[in-house]
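Asks: What follows is a single structure, and I will ask about it in a moment.
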Amino acid sequence: MKRILFSFCFLYTAIAFGQKGDYAYKPVPFTSVQLTDNFWMPRIKVNHMVTIPASFERCESTGRVKNFVMAANRSGKFCTIFPFDDTDIYKTIEGASYSLSLFPDPKLSAYLDSLIAIVGRAQEPDGYLYTARTINPDSVHPWSGKVRWEKERELSHELYNSGHLYEAAAAHYLATGKRNFLDIALKNADLVCSVFGPGKRHVAPGHEIVEMGLVKLYRITGKPEYLATAKDFIEYRGHYNGYDSTSKDEWKNGTYWQDAIPVVDQREAMGHAVRAGYLYAGVADIAALTGDQKLIVAIDSIWDNVVSKKMYVQGGAGAIGDGERYGDNYELPNETAYNETCAAIANVFWNERMFMLHGDSKYIDVLEKILYNGLISGVGLDGKSFFYTNAMQIKSDFTHPSMEAERSGWFPCSCCPTNLVRLLPSIPGYVYAQKDDKLFVNLFINSKATLKIVDNDITLEQQNNYPWNGDLNFVVDSKKPVAFSMLVRIPGWARGQAIPSDLYTFQHATQSQVLIIVNGEKIEYALENGYAVIKRKWKKGDVLQVQLPMNIDRVTANEKVTSDIGKIALQRGPIMYCAEWVDNNGKAANMFIPENTTFTAAFSPNLLSGVELIKGSVPAVQVSADGKSVQTVSQPFTAIPYYAWANRGKGEMMLWFPQKIKEVDLVAGQ
Ligand code: FUB
Ligand code: ZN
């Protein structure tokens, strides 16, 4: 009864305060999907065993935890570099919470409780939580402003910290059922809602994420103010009159913060790429909950813009280092590609939400591209070395010293490692989605899912060796036969499409047939928004087989991407490949790949934790030992998955290869 009353009140207040609907397509929660695979589970385990402890250790050794202790005591001096350093603790707690639902670990659980207690003590009585001020309000970080919220539109990150707090507290509550962290977050959210809104302060948060975070709290509590404030934060963008709209400087004209024009009028991805990705994800949430069509038009256009003009072929985004931002259309330089790991993570959040809005597989195609390539490249196979930027090529002269050619343990700004900590163990939540009697299979990961469909409990087991092999098996278990549709994503790459746009195409697009077999019999199927629809009365023991062709494809870029003219990249299934010096006679930047080159693929279980290699023979330009002549020789070629580069030391790496030589640049020798 209490539950019914709560639901009724929630519905009533939700409608009164702006909720008109929700995502049409809902993910099957991470708690219902148990991964058993050989690709993600080992990574999630390394995240649990290595990355999470290392991350907490660094939060301790760098003074991030001490900041909270000092804030609790209201004395001391903020002892780290950035006012958003608090978020590394929140993000690691978030990752640990997801991880605890996979690997019960009483010691870790007790440690989380102890940290949460410290965070709680650092919170001011009215809910304010921001160690950079609370430690000593008279001596604040220069970015923080003398009084609360004064510099929120710029760099204080007060609401950014709150957003990460909400995301982490929601995950902790959902994974563990405990309220200790959630209560801290709610107290802070209540303060935020009392400070910002109509008739109160207006601000476009300087670093988005609070919008998504508030929506998560709204979903847990049903408190309408959380939804309303998230919506306000989006509406406040584009109305600040202190910018210089004539300036080309993105910080001065507001573009850096996605604040130059109202969100409903935005059509192109601009500014800081992580901020942008978090904004678009938050906009999708608000659009879903309020039904605001103008917001949907805006993010649909921005998505088209990113996917057709601003995304690297390995799914990275945010090409420009100065401002960590999106460049112009087709501005995708390889020598200086920035591709912050956090931007890739933000775009996973955004693409998942775009799918939930529209139910089209193209969003999951992009999500998959990011996930298997430009996102996990951010963490080394050891789980404790990271890339902040994700390079597209490394040449031996290391011409651009700002480009990371080697992974680091952590960074003074450690946003990327701790973002990876939270993303990886949340992957079970991306595998399936549902709408009415439709079950969407979005990711192909060995797992056992328990879910309810048309009021029946079923379990669905995936058996495959993805991403190396395209043979997918699904086994249904159900007490009684259930009529529902299984919609299996047929990835764009299996249908001759490199990306859902004309930004990248397969040079020799082959239209291989995707075979679908039910209980041993090949079936005909219709393709709906990129999904093969298999509608039947499913019963215990039914086996669905889907055979995706695993060709090695040559990818070419749109000719407007000047840095890729005349070049190809190699893709097999969802995986993009690169060549490293270590497998290719000490160099990688001297090889080219003529159009008629043939390749083979072979699995190498002992290399780089087990990878499918692409092998062939290609011409390589060689300089004679005396430095007096140049010749082209045919040599064996080995490419590894892009995500696995830089795990064996520092040297050349190439992802795009010329098909012919145009000219040779001479570098003087001694
Ligand atoms: O500002 C907080 C985080 O620091 C951003 O998301 C990253 O790009 C880094 O600048
Ligand atoms: Zn980052």
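The values are calculated or read from the model by the stated rules, or taken from the named source; none is laboratory data. Quick caveat, the model's predicted, so the values are computed rather than measured. FYI the Cβ positions are ideal-geometry reconstructions off the backbone, even for glycines, and counts take in every protein chain you see.
Asks: Out of (1) of a type outside the set (Gly, Ala, Ser); (2) outside any helix (DSSP H, G or I); (3) closer than 25 Å to Asn347 by Cβ, the odd one out for Tyr243 is which?
Replies: (3)
Asks: Another one. Restrict the check to the range 400-408 and report whether at least one residue is within 16 Å of ligand 1 (Cβ to nearest atom), among the charged types (D, E, K, R) and under 30 Å from Asp300 (Cα atoms).
Replies: Looking for residues that are within 16 Å of ligand 1 (Cβ to nearest atom), among the charged types (D, E, K, R) and under 30 Å from Asp300 (Cα atoms), one finds none in the range 400-408, hence no.
Asks: Give the residue, chosen from Phe355, Phe387, that is within 16 Å of ligand 1 (Cβ to nearest atom) and buried (at least 23 other Cβ atoms within 10 Å of the Cβ).
Replies: Step by step, each of Phe355, Phe387 is checked, and only Phe387 is within 16 Å of ligand 1 (Cβ to nearest atom) and buried (at least 23 other Cβ atoms within 10 Å of the Cβ).
Asks: If you scan the range 68-98, which residues turn out to be within 16 Å of ligand 1 (Cβ to nearest atom) and assigned to a helix (DSSP H, G or I)?
Replies: Asp86, Thr87, Asp88, Ile89, Tyr90, Lys91, Thr92, Glu94
Asks: Which is crowded, with 16+ Cβ neighbours inside 10 Å, in contact (Cβ under 8 Å) with a residue 60 or more places away in the chain and at positive phi, of Gly610, Gly573?
Replies: Just one listed residue meets the conditions, Gly573.
Asks: Next question, about the same structure. Which number in (1) small (Gly, Ala, Ser); (2) surrounded by 22 or more Cβ atoms within 10 Å (Cβ to Cβ); (3) more than 30 Å from the chain's Cα centre (by Cα) marks the one condition that Gly145 misses?
Replies: With respect to (1) small (Gly, Ala, Ser); (2) surrounded by 22 or more Cβ atoms within 10 Å (Cβ to Cβ); (3) more than 30 Å from the chain's Cα centre (by Cα), Gly145 is out only on (2).
Asks: Of the residues Leu460, Leu487, only one is over 27 Å from Val307 (Cβ atoms), more than 21 Å from the chain's Cα centre (by Cα), of a type in the set (A, V, I, L, M, F, W, C) and crowded, with 23+ Cβ neighbours inside 10 Å; which?
Replies: Answer to the check: Leu460.
Asks: Could you list, ordered by first residue, the pairs with Cβ atoms under 7 Å in which the first is in the range 72-89 and in the same structural domain as His157 (by TED's automatic domain parsing) and the second is within 11 Å of ligand 1 (Cβ to nearest atom) and among the polar types (S, T, N, Q), at least 6 apart or interchain?
Replies: Pro83/Ser156; Phe84/Asn161; Asp86/Asn161; Thr87/Asn161; Asp88/Ser414; Asp88/Thr418
Asks: Looking at this structure, is Phe196 closer than 23 Å to Phe349 by Cα and either surrounded by fewer than 18 Cβ atoms within 10 Å (Cβ to Cβ) or at pLDDT 95 or above (or both)?
Replies: It is false that Phe196 is closer than 23 Å to Phe349 by Cα and either surrounded by fewer than 18 Cβ atoms within 10 Å (Cβ to Cβ) or at pLDDT 95 or above (or both).
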